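One structure is given below, encoded as structure tokens.
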Amino acid sequence: MSTARQFKPEEPWQAPEGEPIVRLENVTKRFGAFYAVDDISLNIHAGEFFSLLGPSGCGKTTLLRMLAGFETPTSGRLLIDGQDVTDIPPYERPVNMMFQSYALFPHMNVADNIAFGLKQEGMPKSERQDRVAELMSLVQIEPLAKRKPHQLSGGQRQRVALARSLAKHPKILLLDEPLGALDKKLREQTQFELVNIQERLGITFVVVTHDQEEAMTMSSRIALMHEGRIEQVDPPRRLYEFPSTRYAASFIGSVNLFDGYVTEQNDDQVRVQCDDAGIQLEVRHSQPLVPGMAVTVALRPEKVRVIHQLEADTPNQLRGVIKEIAYLGDVSIYHVELASGKRVQFTQSNVQALAEQPLTWDEEVVLSWSANSCGVLTE
Amino acid sequence: MKPTSARPSTRHLIIAVPWFWLALFFLLPFLFVLKISLSEPTLAQPPYMDLIREIEDGFVTLVINFSNYQLLLEDSLYLSALWGSLKVAAISTLFCLLIGYPMAYAIARSPLHWRLPLLMLIILPFWTSFLIRIYAWIGILKANGLLNNLLMGLGLIDSPLAIMHTPLAVYIGVVYNYLPFVVLPLYATLIRLDLTLLEAAADLGCRPWKQFLLITLPLSMPGVIAGAMLVFIPVMGEFVIPDLLGGPDTLMLGKLMWTEFFSNKDWPLASSLAALLLVVLILPFVLLRHFERRSEEGNP
Amino acid sequence: MKKLLHTFLPACLLAGAATASAADELHIYNWSDYIAEDTIENFEQATGIEVVYDVYDANEVMEAKLLAGRSGYDLIFPTARPFAERHIQAGLYQPLDKAKLEGLDNLDPVIMDSLASIDKNNAHLVPYMWGSSGIGYNVDKVREILGDDMPKDTWRLLFDPEIVAKLADCGVTLMDDPTEVLVAANIYRGADADDFSRDGIKAASEVVAAVRDDIRYFHSSQYINDLANGDICVAHGYSGDVLQARDRAAEADNGVNIAYAVPSEGALVWTDVMAIPADAPNPEAAHAFISYLLKPEVIAPITDYVAYANANRAATELVDEEIRNDPGIYPPEETQAKLQVTPTPSERQIRALNRSWTRVKTGQ
């Protein structure tokens, strides 16, 4: 089993000449006056494990349903493998979908559910049986062939749904909250299995999820959606480390945000005056910024180092008092109140079972981080 | 009823209520019918003989007479009537389903705010008397009725169509009257149908017509069966509609029972006809339950 | 015997039998449209007795109620043969207290003698109205089809396959009543009217079966309208009903000319009677009502209204002249000679008749 994936060797989205397998051109979907999807353009490449991430109502499911063909865009074009499918009905598209509710046919047994799509395309019976057996072995449900859906557990149903949607060798598999109905433990285990299957079959997966952890674990790239628009499309690490908007920064993980304005920029460094912090913060940033421009400095809690005294010639040091501690087992979260009253969060791994000098309430501390560990948000 | 615990509980009491109801209003009357069916007709009040008779000086004997049932099976008239009723019931049920299914489907798929008004339209005819509705059909179908006058007025036909007093009129009356009994249970089933199942089928390459055949239709079978039973069973014993709209050649059990009961004063034979009808109607139920149970058990 | 209008209606009535009555309450069960509009009101005013008046459309319905027991009725109006006859045999009536009845001697002795054959000493029954059943026909249309030498007063109009086939397109109907039709068929085929033997019923049924396909329908009242509208040409029907059709056609002035004929081979006459059920709650009031109807000045307007002859000789001169002189209602001597009372089959024969009838009608 592989852990969070490394896409270094092949990052197809980096190659501009490659034809994407899914191409959305200015796609808009309106329900009455409500813009569920608002002018989205997006490319997804063959072999990707692509996630649409966002809170409920952000338009991610509508986008997925347009890919499947259940919704028609109000405007814009939709291409799959170079073919314009904007007006092609779902039953003629080379994509399949795994539904959030699984949508297993209750009157058919497991084998018949999986064989359904194959029957529709007129595959001969013997071939069909082989394919069904192959799929059941892929998702490890061989003994369940004759059961009806209501006789299966949630996890088993999920596997049947997956097998059924994979049966026809779709070019793209659409998954709507594939793990949403499973309990936490099963979900984590299944995440890896999904990735495994995707890698083995080489099918492009497009997943809708509201669970950032799930998206981070499985995806090659994540499109973070917000109110019908895409905030940012990037691989998980980039999305986390270099969010481009306040929304992106705060949706994924925790973040400390300091509002301020640019005072100066040289080479790849900017200085930002932050009133909350009481000092000028130094941030590594390569895009050109104009002095006086309003920006936000974003700082992940785990990037913060705790020291007990101010150090000379070191940027980004803040003095404050620990006000709250949350012990989560592997890490602890601390809330530090600055002189301005602003609270800053940081986390520390609990390396030792019993620390000699644990941080405690009302203790005065100095927080410090390097210019490389934080970012500047312009939106 | 099989008590699962020695101590009677509230649950048992609650279960006992419908059983008691059935016993009092179904089983008991049926036992009366059964008793009369084993008796012989006589000119008296009531017009059948007691099964237990005093012969002389306190000697009592039980006289059970199966000849009524024997007559039912021997005389082709009764089996023909049974066949006639089965035919009318089956054909009417089929047409009720053919007409009622699309109606129920359309209502279930119509916008939310339309459903209640549409359902009300289905139920509305029930607010007028059953007899008035049948008489209205007489007014429509008779030789110089609305339909014939309309068609002749439009110049489509030269002489009135003979619809009244034909089997066609019976079918029209029966289908019209029993249609709501098909539409309502079908609506209840179709409204519960998970529409994502149709999307899933479409996604797997299924065209709309096949989606209906492979998904909607099989999943609405409980509604189809409920609706079919609600039509088939009462039509089997239907008397009023064939009597008013049908012709003399409409041979059905209900009418025959009327003749036996009123014209012949032969309560025992009428009762054995009723018992026969009950057996014919219960048999499909028993078989259905049997198969249902088997298909449940057939799966591991 | 009167029409069997829509047989299920009374079946519904069967459900709610009359409840036990107070001392001055009279429960009457009579045919529908078989009394003058003001008779009941006048009786109530004259006696102070309150009348609860229910109606039926078929003897069978009244009989079923009676046989079920505790009908709650004090006075019923059955047809003498076979209904009242077998009710007397079954002991369902109580004997009349003749001391309480005035004017019995006004009743037609011919009718009383005839009734005495089924009701010894006229102990239970008082005749009400009487009439015959025969053939109603559309004079002009039948002449057009069969020519001037057409048979007018013969059952051949209904049972001769050759003639019926010619008339079929114009419309020939039979009553939906096994006794009436099969007895008529017996008379037509020259057998005894009351030949209810197995072979007799079979032969009579064959007579009907031979014309069945040319019979437009079997119904005991539908023909009234259809005759009047000119929709049918020949109908087997009750005298009063055919005359009603004739009058309706005349009123509508639609050029339809209807006549009633008593077949020369013989025809049936029926008498409806009054009787008090054995379990009547208030026989006293029932006697009062019978007495009231025995008054010539009471029964004559009823005849005017229902267009059937009553059995009260003293009332005849009080009857409207037009009705009194109508040969269909008060037939002349030579016609009366052709009339015979409806024969009474046994219980077993009735069942055989009815079953055979259902078979013939449905073409089984």
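The values are calculated or read from the model by the stated rules, or taken from the named source; none is laboratory data. No experiment lies behind these values; they were computed from the predicted model shown. All Cβ positions, glycine included, derive from the backbone under ideal geometry; neighbour counts span all protein chains shown. What goes into the accessible areas is simple: the full protein's heavy atoms, side chains included, and nothing from ligands, DNA or RNA. Shrake-Rupley method; radii C 1.70, N 1.55, O 1.52, S 1.80 Å.
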Taking C:Asn121 and the conditions (1) more than 14 Å from every other protein chain (Cβ to nearest Cβ); (2) surrounded by 14 or more Cβ atoms within 10 Å (Cβ to Cβ); (3) at positive phi, which numbered condition does it fall short on, given that it satisfies the others?
(2)
So, B:Arg109, is that one modelled with pLDDT of 90 or more, out of contact with any strand residue (DSSP E or B) (no Cβ under 9 Å at 6 or more places or on another chain), of a type in the set (D, E, K, R) and open to solvent by 70 Å² or more (accessible area, probe 1.4 Å) or not?
yes
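Could we say that C:Asp192 is surrounded by fewer than 20 Cβ atoms within 10 Å (Cβ to Cβ) and not in a helix (DSSP H, G or I) here? Steps first, please.
Numbers: surrounded by fewer than 20 Cβ atoms within 10 Å (Cβ to Cβ): yes; not in a helix (DSSP H, G or I): yes.
Answer is yes for this residue.
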If we keep only residues of region A:275-301 that are closer than 21 Å to A:Tyr240 by Cα and open to solvent by 80 Å² or more (accessible area, probe 1.4 Å), then the residue modelled with the highest pLDDT is A:Arg284
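Inside region A:218-286, counting only strands (runs of 3 or more DSSP E) that do not spill past its ends, which hold 2 or more residues that are closer than 17 Å to A:Ala371 by Cβ?
Details: elements: A:221-226, A:229-234, A:256-266, A:269-274, A:279-284.
The strands (runs of 3 or more DSSP E) meeting that bar are A:256-266, A:269-274, A:279-284.
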Residues to consider are A:Pro94, A:Pro106, A:Pro55; find the one that is away from chain B (no Cβ under 14 Å) and open to solvent by 10 Å² or more (accessible area, probe 1.4 Å).
A:Pro55
If I filter region C:273-287 for residues that are touching a Phe, Trp or Tyr at 6+ places or on another chain (Cβ under 8 Å) and in a helix (DSSP H, G or I), do I get at least one hit?
no
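Can you tell me which of B:Ile241, B:Ile215, B:Ile233 is in contact with a Cys (Cβ under 8 Å, 6 or more places away or on another chain) and either of a type in the set (A, V, I, L, M, F, W, C) or in a loop (DSSP other than H, G, I, E, B) (or both)? Write out each step before concluding.
Numbers: B:Ile241 fails: in contact with a Cys (Cβ under 8 Å, 6 or more places away or on another chain); B:Ile233 fails: in contact with a Cys (Cβ under 8 Å, 6 or more places away or on another chain).
Among B:Ile241, B:Ile215, B:Ile233, only B:Ile215 is in contact with a Cys (Cβ under 8 Å, 6 or more places away or on another chain) and either of a type in the set (A, V, I, L, M, F, W, C) or in a loop (DSSP other than H, G, I, E, B) (or both).
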With the condition kept exactly as written, say whether any residue in region B:92-99 is over 24 Å from C:Trp357 (Cβ atoms), β-branched (Val, Ile, Thr) and without any contact (Cβ under 8 Å) to a residue 40 or more places away in the chain.
no
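Among residues belonging to region B:244-267 that are in a helix (DSSP H, G or I) and over 20 Å from B:Ile134 (Cα atoms), point out the one that is modelled with the lowest pLDDT. Lay out the reasoning, then the answer.
Of all residues in region B:244-267, those in a helix (DSSP H, G or I) come to B:244-245, B:253-263, B:267.
Filter once more, keeping what is over 20 Å from B:Ile134 (Cα atoms): B:256-257, B:259-263, B:267.
Details: B:Leu256: 89, B:Met257: 91, B:Thr259: 86, B:Glu260: 89, B:Phe261: 89, B:Phe262: 87, B:Ser263: 83, B:Trp267: 91.
Among them, the one singled out is B:Ser263.
In this structure, is C:Asp149 within 14 Å of chain B (Cβ to nearest Cβ), open to solvent by 10 Å² or more (accessible area, probe 1.4 Å) and not polar (S, T, N, Q)? Before you say what the answer is, go through the steps one by one.
Details: within 14 Å of chain B (Cβ to nearest Cβ): no; open to solvent by 10 Å² or more (accessible area, probe 1.4 Å): yes; not polar (S, T, N, Q): yes.
Taking the combined requirement at face value, the residue does not satisfy it.
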Given the conditions (1) open to solvent by 40 Å² or more (accessible area, probe 1.4 Å); (2) touching a strand residue (DSSP E or B) at 6+ places or on another chain (Cβ under 9 Å); (3) part of a helix (DSSP H, G or I), report the number of the one that A:Lys168 does not fulfil.
(3)
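Is it the case, given these coordinates, that C:Asp169 is touching a Leu at 6+ places or on another chain (Cβ under 8 Å) and part of a loop (DSSP other than H, G, I, E, B)?
Details: touching a Leu at 6+ places or on another chain (Cβ under 8 Å): no; part of a loop (DSSP other than H, G, I, E, B): yes.
Spelling it out, it is not the case that C:Asp169 is touching a Leu at 6+ places or on another chain (Cβ under 8 Å) and part of a loop (DSSP other than H, G, I, E, B).
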Could you please tell me which pairs satisfy a Cβ distance under 6 Å, a separation of 6+ or placement on different chains, a first residue in region A:308-335 that is under 21 Å from A:Val351 (Cβ atoms), and a second residue that is surrounded by 11 or more Cβ atoms within 10 Å (Cβ to Cβ) and aromatic (Phe, Trp, Tyr)?
A:Ile322/A:Tyr334; A:Ile325/A:Tyr334; A:Tyr334/A:Phe346
Take C:Gln349 and tell me if it is open to solvent by 20 Å² or more (accessible area, probe 1.4 Å), without any contact (Cβ under 8 Å) to a residue 60 or more places away in the chain and within 14 Å of chain B (Cβ to nearest Cβ).
no
Residue check, A:Ser250 against (1) at positive phi; (2) without any contact (Cβ under 8 Å) to a residue 12 or more places away in the chain, all met but one. Which one?
(1)
Considering region A:316-357, residues that are in a loop (DSSP other than H, G, I, E, B) and open to solvent by less than 80 Å² (accessible area, probe 1.4 Å), and then whichever is modelled with the lowest pLDDT, we arrive at A:Ala355
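If I filter region C:336-353 down to residues being within 18 Å of the chain's Cα centre (by Cα) and assigned to a helix (DSSP H, G or I), which single residue comes out as nearest to C:Gly266 (Cα to Cα)? Please lay out each step first, then the result.
Here is the first cut: in region C:336-353, the ones within 18 Å of the chain's Cα centre (by Cα) are C:336, C:338-345, C:350.
Among the residues that remain, those that are also assigned to a helix (DSSP H, G or I) are: C:336, C:350.
On the way: C:Gln336: 10, C:Ile350: 22 Å.
Among them, the one singled out is C:Gln336.
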Looking at (1) surrounded by 13 or more Cβ atoms within 10 Å (Cβ to Cβ); (2) part of a helix (DSSP H, G or I); (3) modelled with pLDDT of 90 or more, which is the one condition that is false for B:His12?
(3)
Residue count for region C:205-225, restricted to those that are in a helix (DSSP H, G or I) and either more than 16 Å from C:Leu157 (Cβ to Cβ) or small (Gly, Ala, Ser) (or both)
8
Looking only at region B:15-57, and only at residues there that are within 14 Å of another protein chain (Cβ to nearest Cβ), of a type in the set (Ser, Thr, Tyr) and outside any strand (DSSP E or B), the one that is nearest to C:Gln349 (Cα to Cα)
B:Thr42
Subset of region A:112-130 [touching a helix residue (DSSP H, G or I) at 6+ places or on another chain (Cβ under 6 Å) and open to solvent by 20 Å² or more (accessible area, probe 1.4 Å)]:
A:Arg128
I'm trying to understand the selection: among the residues of region C:288-310, which are assigned to a loop (DSSP other than H, G, I, E, B) and either open to solvent by 10 Å² or more (accessible area, probe 1.4 Å) or at pLDDT below 95 (or both)?
C:Lys295, C:Ala307, C:Tyr308
Kindly indicate whether any position in region C:50-65 is modelled with pLDDT under 90, surrounded by fewer than 16 Cβ atoms within 10 Å (Cβ to Cβ), more than 10 Å from chain B (Cβ to nearest Cβ) and under 25 Å from C:Tyr305 (Cα atoms).
no
Output for region C:86-112, where each listed residue is within 14 Å of chain B (Cβ to nearest Cβ), open to solvent by 30 Å² or more (accessible area, probe 1.4 Å) and either at pLDDT 95 or above or not in a loop (DSSP other than H, G, I, E, B) (or both):
C:Ile88, C:Gln89, C:Gln94
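Across region A:30-52, what is the total count of residues that are open to solvent by 10 Å² or more (accessible area, probe 1.4 Å) and in contact (Cβ under 8 Å) with a residue 60 or more places away in the chain? Working first, answer last.
Going residue by residue through region A:30-52, those that are open to solvent by 10 Å² or more (accessible area, probe 1.4 Å) are A:30-35, A:38-39, A:41-43, A:45-47.
Applying the additional criterion that residues be in contact (Cβ under 8 Å) with a residue 60 or more places away in the chain yields A:35, A:38-39, A:42, A:45-47.
Residues flagged as open to solvent by 10 Å² or more (accessible area, probe 1.4 Å) and in contact (Cβ under 8 Å) with a residue 60 or more places away in the chain within region A:30-52 amount to 7.
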Taking first residues from region A:71-91 that are away from chain B (no Cβ under 14 Å) and over 21 Å from A:His45 (Cα atoms) and second residues anywhere that are of a type in the set (Lys, Arg) and surrounded by fewer than 17 Cβ atoms within 10 Å (Cβ to Cβ), the pairs with Cβ under 7 Å that are 6 or more apart or on different chains are A:Thr74/A:Arg30
Failed item in (1) among the charged types (D, E, K, R); (2) part of a helix (DSSP H, G or I); (3) within 21 Å of the chain's Cα centre (by Cα), with C:Lys202 passing the rest
(3)
